[in-house]
Structures are given as C-alpha cells and as structure tokens.
Amino acid sequence: MKKAEHTGSEDYAGFWVRAGSIAIDGLILSLVTVPGGILFLRSAHPTISSEVFFMFLFLPSTFLVQILYFGWFNADGRQSPGKNFFGLMVVDGSLKPVPLSQSLWRAVTYIIDVTGLLLVPFNRKKRALHDILAKTFVVRIKTPRNLETTFIISALAAGFIMGNLFANILRNNYVQAFRIPTGSLKPTLLAGDFILVDKYWAKKNVPQRGDMIVFKYPMNANLDYIERCIGLAGDTVKIRDGLVWVNDMEEHLQLLTKEYDPEEGQYTLEYEAKWKGAPSYRIRHYEAHNLNAENFGPLVIPPKHYFVMGDNRDNSSDSRYWGFVPQENIVGKAGIIYWSWDRSVPLSRLKEKIRWSRLGNVLQ
C-alpha cells in the first residue's frame, strides 16, 4: 500500500493498463451473469418472454451486480481481480483508499459513463469521467510486472472474443434488435421504431392468429420482414370488399379514429381488429380507399406455411402479393419497443425527435 501514498504523476494508471484490468473484471462478470441469465430464462420462458426478460430483468440486475462488484472490491483498500492483477487501486484526492459509499457512487457513475476511459489519455491525472464525478483516482501500488503489455493485449483480446461470443449466443438464440424502416405496420409500429424480437419463442412455438412475427422474406432470405399472422396452415383465406375472412370467419373491425397522416398524405381510418379467441390489435385503411374493389382468394394455406398481412392494410407488401411464409423462415415474435424516434424531425430538436411515449411498449 505504500505506493498509494506517493503523489507523483507517475503513480496514476494510464489508459491501456486500466483497459486491461477492466477486461479481466468484465470477463469474470460475464461468466457469472450471462450463463446464469440464460439458465433462468430457459426455466421461466414463456412465462417471461426473452425480450421482456432482458429489458426489464437481466439488464437492470446486471447493472446492479456491476455496481456491487466494483463498489465493494474497489473500496477500503480492496482491489477487484483486474486491478489486483495489474497492481492498481482506487484512491481519493489524498491518495488514500476510498470508503464504500464513495466507491459505490463511483461504480454508479461508471455504469452511466458512456465515454468510458476515452478521457484518460487527455487528462493530466489520467482520470476518466466517472473518476472526476466521484472525485477518485486510479494509481499503481506495484511496479509494472514483466510482459505487462502482453498481459494487457491478452486480456483485451480475451474480453473481445468472449464479449462477441456471448453477444452472438444471445442474438442468435434468444433476443435480437431490429429497426422498423417503413410504415407497413402502422399504427402498431412506426418507421423509426427499434424493437426487440423473441427468437427463443420460435424454437418452442408456432405462430397463432394475430401474432406479430419476424421472418426471412421468402423472395430474398437476406431480408427480414415483420408482419402480422392472419392465416395458419390449412386455413382458407379470402378478402371480400376489403374484409378479411378465414375459414368463413370474418375479421371483426370496430372503427376507433379518423386521422390525417402527413407522411402518407392521406386521411386514415383506424380500427380495432379481433378474431374469436385471439387478442385484439389495430389496423387502418385509407379513408379514400375503395374497399369494394379489394378482393382476394380464396386460397388454402399449405402445411407449415402462414398468411401474413401488415396492419397498414393499404400500404403493405405482404402475403397478398408475394405468397405464404414457410415455418422455417420464422425468426421470432416481436416483443417490445426499446427505442423510437421520428426521422422527419431534425436532431437539433432532440426532445421532439424521440418518441418517449413509445419506449417500453409491449407489442400486441
């Protein structure tokens, strides 16, 4: 501990050694939280869907674990495993170990510090933003070990590899983020919505009528589409005078609102749509649309295929135009909007650009 009492600038830990120590701590945290989270989700699904689990349980609990981990280990002269490996310690302005309360506050600011360590190379005392906010410093209490550069590179490489491995496991098997580029699912989804999709659901379930599903576009598997499932395998689907029928059962529509859509330059009629025994959802038609001219089918849906439509019925490329969705093309079920912004509003009006009321909406 003697080194921590010195005041020379050479005591302050630089960018690369701090990055190496964080990589080691990050590896330890990932090896605990990610497998544990996956095991819990497997036991809880579908009671708790993947996107809700990761958004509202896994991420908050992970942040809490990080705060407790860094807060405890870096307080009262203790060192986290990463800092211990490289001989670093968190101290206050007097170069003495920080108390637990200050260390916990530093951990909180570290979680919300989006700049990470980027400020360190430009700061005279090599402080990151979270150090400045928490009034702390990171100093060396041991001389650099032999081959320190090799250890730093190894720690960063291991952290990068494991981080990508865990990210790929989560993205390929459990939950994936998608951006909505068009308005084919208005009013449920808007262009500029960012959603989380439950991919684990697709491994255990098949779509039901009314489910909003993400799938590989049958005409080009490199494209991901999102539409609402209307017809199941074996169903007979037809459209008469703009109304959808499945097995001689009509999609019941109840008019809700009439609004002008400046993006499409049309007055639209919004309806609540419902099938017997299924949750309701919302669709819309253009007010000027000639429903009497819209007819389709009847067609029988082949085995392991689905008939899908967009909620924005008069501005949607769906099964009416390019056919059915095979079961093997289904990626997952749309779950939650985690971010949304209006592309027509400039960044200079950020408060208006972000659609705050849509954040966290669970999709139906």
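The values are calculated or read from the model by the stated rules, or taken from the named source; none is laboratory data. These figures come from a predicted structure and were not determined experimentally. A quick note on method: Cβ atoms are made from the backbone with ideal geometry, for glycine too, and the neighbour counts reach across all protein chains shown.
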**Some residue of segment 29-36 being over 21 Å from TRP201 (Cβ atoms) and either at pLDDT 95 or above or of a type outside the set (A, V, I, L, M, F, W, C) (or both)** = yes
**Prompt:** Just a yes or no: is a residue in segment 214-221 within 21 Å of ARG320 (Cβ to Cβ), of a type in the set (Val, Ile, Thr) and outside the structural domain of PHE40 (by TED's automatic domain parsing)?
**Reply:** yes
**Scope segment 339-357; condition surrounded by fewer than 18 Cβ atoms within 10 Å (Cβ to Cβ), of a type outside the set (Gly, Ala, Ser) and in contact (Cβ under 8 Å) with a residue 12 or more places away in the chain; matching residues** = TRP339, ASP342, ARG343, LYS353, ILE354, ARG355
**Item:** Residues that are in contact with a Phe, Trp or Tyr (Cβ under 9 Å, 6 or more places away or on another chain), surrounded by fewer than 19 Cβ atoms within 10 Å (Cβ to Cβ) and in a helix (DSSP H, G or I), drawn from segment 86-103
**Value:** LEU100
**Prompt:** If the Cβ limit is 6 Å and pairs must be 6+ apart or interchain, which residue in segment 179-193 that is among the basic types (Lys, Arg) pairs with which residue that is crowded, with 20+ Cβ neighbours inside 10 Å?
**Reply:** LYS186/ASN312
**Selected residue (criterion: surrounded by the fewest Cβ atoms within 10 Å (Cβ to Cβ)) from residues of segment 104-140 that are part of a loop (DSSP other than H, G, I, E, B) and among the polar types (S, T, N, Q)** = THR115
**Item:** Subset of segment 304-345 (residues that are in a loop (DSSP other than H, G, I, E, B), over 23 Å from ARG282 (Cβ atoms) and touching a helix residue (DSSP H, G or I) at 6+ places or on another chain (Cβ under 9 Å))
**Value:** LYS304, VAL345
**Complete:** Those residues of segment 304-330 which are surrounded by fewer than 18 Cβ atoms within 10 Å (Cβ to Cβ) and closer than 30 Å to ILE48 by Cα amount to LYS304, PRO326, GLN327, GLU328
**Asked** What pairs can you find where one residue is in segment 284-295 and free of Cβ contacts under 8 Å to residues at least 60 places away in the same chain and under 18 Å from MET309 (Cβ atoms), the other is aliphatic (A, V, I, L, M) and in a helix (DSSP H, G or I), and their Cβ atoms are less than 8 Å apart, with a gap of 6+ or different chains?
**Response** HIS285/LEU291
**Request:** Please specify each residue of segment 333-349 satisfying the condition of being out of contact with any Ser or Thr (no Cβ under 8 Å at 6 or more places or on another chain) and closer than 26 Å to GLU51 by Cα.
**Result:** ALA334, ILE336, ILE337, TYR338, TRP339, SER340, TRP341, ASP342, ARG343
**Message:** Can you find a residue that is within 25 Å of PRO302 (Cα to Cα) and either of a type in the set (Asp, Glu) or in contact (Cβ under 8 Å) with a residue 60 or more places away in the chain (or both) anywhere in segment 158-166?
**Reply:** no
**Complete:** Residue set LYS142, LYS83, LYS186; condition touching a strand residue (DSSP E or B) at 6+ places or on another chain (Cβ under 9 Å) and either of a type in the set (Ser, Thr, Tyr) or within 30 Å of HIS285 (Cβ to Cβ) (or both); output residue LYS186
**Request:** Inspect all residues belonging to segment 285-296 and state whether any of them is under 20 Å from MET219 (Cβ atoms), assigned by TED's automatic domain parsing to the domain that holds MET219 and either out of contact with any Cys (no Cβ under 6 Å at 6 or more places or on another chain) or surrounded by 12 or more Cβ atoms within 10 Å (Cβ to Cβ) (or both).
**Result:** yes
**Asked** Do we find that LEU347 is closer than 30 Å to VAL175 by Cβ, at pLDDT below 90 and assigned by TED's automatic domain parsing to the domain that holds TYR225 in this structure?
**Response** yes
**Complete:** A careful count of residues in segment 150-191 that are touching a Lys or Arg at 6+ places or on another chain (Cβ under 7 Å) and under 17 Å from LEU29 (Cα atoms) gives 0
**Near pairs, Cβ below 6 angstrom, 6+ apart or cross-chain, from segment 55-84 (of a type in the set (Lys, Arg)) to any residue that is surrounded by 14 or more Cβ atoms within 10 Å (Cβ to Cβ) and modelled with pLDDT of 90 or more** = LYS83/SER21
**Request:** Would you tally the residues in segment 1-18 being modelled with pLDDT of 90 or more, part of a helix (DSSP H, G or I) and crowded, with 19+ Cβ neighbours inside 10 Å?
**Result:** 2
